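Beneath this line is the structure, given in structure tokens, with notes to follow.
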Amino acid sequence: MSPQVLRDPLANWNGELMPLSEVKVSVLDRAFLFGDAIYEVIRIYNGCPFLFEDHVSRLGRNLEKISLPANAVAIGERTRETIAASDVVEGIVYIQVTRGVAPRTHQYPVPAPQPNELIYVADFEDPYANTRKQGVSVIVLNDMRWKRCDIKSVNLLANCMAAQAASEADCAEALFVDGNGRLTEGSRSSLFGVRNGTILTAPLEENILPGITRKLLMQLAKECHFPMREEGLHLNKLSEIDELFLTGTTTEILPITLVDQQKIGTGTVGPVASKLDEAYKKTVNHLANSVG
């Protein structure tokens, strides 16, 4: 069987629609030189962007955090237009806003250059469709990222290194542990645990990304009548944890059964994760079939 040929995603580069392969970016763009940019990834189900307003709101907050003069609401409107112009049914939207092109200086340029805004819509197939019911293995790494992980910056080298280490270990994800032995999150996902029926997750601080799916899961937990507490998970107390699972825009809800080859709970997908996965799918079906 010949490999599937993926079509070129549809891009919107500063308001102009074109194939993604035709987008040209200056080498003096500050995202290229400094990683001076932020991004968002939004899942599309049945042609509808999922949790769209939450993603646009976070985009706006991150623009403010790095003093990048771009309009999140206008970018959101342009994103909807780009989705409508594509025929993607199951996919993702990637949004990246850079500070723009300017001579190379570390401080923000004055006057401020025009930001570069990239949106593209691409087909996407769930990479965990065949493993979600069995759970996955992960590894643990010391957190070597910068201290402002609450900002969804394109500076992801440490995350890429962690993801590569997980791949080389034949694992689905790498979990970060801080200097106090607390598990914080994954290289591209949020982390939850279950102990004695209570769902636990690290409290939001500057070393944690306020995940959109994380927020949804906390709402679903309340609707499912699961008690929840924002409490750090300690690496040396994993034997006390009955279930672990990851959440994320493309991860959805992904149970963990092994951490560094240590079995979590019974070593199978637990009832809490299963119930939340059902609730998640119902939410997707409801929102994806409603008027956007």
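The values are calculated or read from the model by the stated rules, or taken from the named source; none is laboratory data. Please read these numbers as outputs of a predicted model, since none were measured by experiment. Cβ coordinates were reconstructed from backbone atoms using ideal geometry, including for glycine residues, and neighbour counts include every protein chain displayed.
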TODO: Answer yes or no: is there a residue in region 50-65 that is modelled with pLDDT under 95 and farther than 30 Å from Q107 by Cβ.
DONE: no
Open item on the list: All but one of (1) in a strand (DSSP E or B); (2) touching an Asp or Glu at 6+ places or on another chain (Cβ under 6 Å) hold for L175; state the number of the condition that does not hold.
Closed with: (2)
Task: Output for region 130-145, where each listed residue is part of a loop (DSSP other than H, G, I, E, B) and in contact (Cβ under 8 Å) with a residue 12 or more places away in the chain - done: T131, R132, K133, Q134, G135, D143, M144, R145
Open item on the list: Out of E40, E53, I need the residue that is part of a helix (DSSP H, G or I), under 19 Å from the mean Cα position of the chain (by Cα) and acidic (D, E). Which one?
Closed with: E53
TODO: Give the residue that is surrounded by the fewest Cβ atoms within 10 Å (Cβ to Cβ), with candidates limited to residues of region 19-34 that are part of a helix (DSSP H, G or I) and over 23 Å from the mean Cα position of the chain (by Cα).
DONE: S21
Open item on the list: Criterion first (under 25 Å from I38 (Cα atoms) and in the same structural domain as V272 (by TED's automatic domain parsing)) does V194 satisfy it?
Closed with: no
TODO: Please state which of the following conditions I212 fails to meet, knowing it meets all the rest: (1) closer than 25 Å to E90 by Cα; (2) buried (at least 21 other Cβ atoms within 10 Å of the Cβ); (3) in contact with a strand residue (DSSP E or B) (Cβ under 7 Å, 6 or more places away or on another chain).
DONE: (3)
Open item on the list: I'd like to verify a number: residues in region 193-211 that are more than 16 Å from P255 (Cα to Cα) and small (G, A, S), how many?
Closed with: 2
- [ ] Looking for whichever is under 17 Å from the mean Cα position of the chain (by Cα) and hydrophobic (A, V, I, L, M, F, W, C) here; the options are V136, V121, V110, V140. Which one fits?
- [x] V121
Task: Any pair with Cβ under 7 angstrom, 6 or more apart, that starts in region 186-197 at a residue that is in contact (Cβ under 8 Å) with a residue 12 or more places away in the chain and part of a strand (DSSP E or B) and ends at one that is among the aromatic types (F, W, Y) and surrounded by 21 or more Cβ atoms within 10 Å (Cβ to Cβ) - done: F192/F245
Task: For K237: the one exception among (1) in contact (Cβ under 8 Å) with a residue 12 or more places away in the chain; (2) over 21 Å from the mean Cα position of the chain (by Cα) - done: (1)
